[in-house]
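The values are calculated or read from the model by the stated rules, or taken from the named source; none is laboratory data. Source: prediction; values computed, not measured. No Cβ is skipped: glycine too gets one built from the backbone with ideal geometry, and neighbour counts run over all protein chains shown. To get the accessible areas, we keep the full protein, side chains included, count just its heavy atoms, and leave off ligands, DNA and RNA. Shrake-Rupley method; radii C 1.70, N 1.55, O 1.52, S 1.80 Å.
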Amino acid sequence: MATQTYTGSCQCGAVAFQVDADLDRTFTCNCSRCRRMGFVLTFVPRAAFHLTADGPTTEYQFNKHAISHRFCPVCGVQSYAYGEREGQPLVAINVNCLDDVDARALASQAVDGASR
């Protein structure tokens, strides 16, 4: 798969977005949050992510407080998170929130976030 434009949202639609992503690069993580939430993630540069419905979000941070997990206070779904890697701003996209994408059918790479 090459980079494509996708749309996505939380469950109630208060938070919606458009993202340019390559779904050949998805991850599952065993950290305490990702494991509980069942995330399938892909990371994109912040410039590739655009909110199209900018409803209010609530922030959750844990461990090193390096990632700003954003979730809808109405339906509770975390559709994205802000962070950075090597000084570059990134967005972690919850692939489960993308329209017309079966995240569980993707060949995701397992990451050991529990050890970090």
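Rg and Dmax of the stretch 1-68, based on Cα coordinates, read 13.2, 33 Å. A crude spin-label estimate for the pair GLN88 and ASP20, with each label 7 Å from Cα along the Cβ direction, gives 1.3 nm.
Note that the stretch 72-80 has calculated 3J(HN,Hα) couplings of 6, x, 7, 9, x, 7, 8, 9, 7 Hz, one per residue in order, obtained from phi through the Karplus relation 6.51 cos²θ - 1.76 cosθ + 1.60 (θ = phi - 60°); glycine and proline are x. Taking amide hydrogens as placed 1.01 Å from N in the peptide plane, the amide H of CYS75 sits under 5 Å from those of CYS12, each at least 5 positions away in sequence or on another chain.
In the chain, the DSSP beta bridges split such that about 90 percent are antiparallel, to the nearest 5. Just the protein heavy atoms count here, and of the accessible area of the chain at 1.4 Å, carbon and sulfur take up 47 percent.
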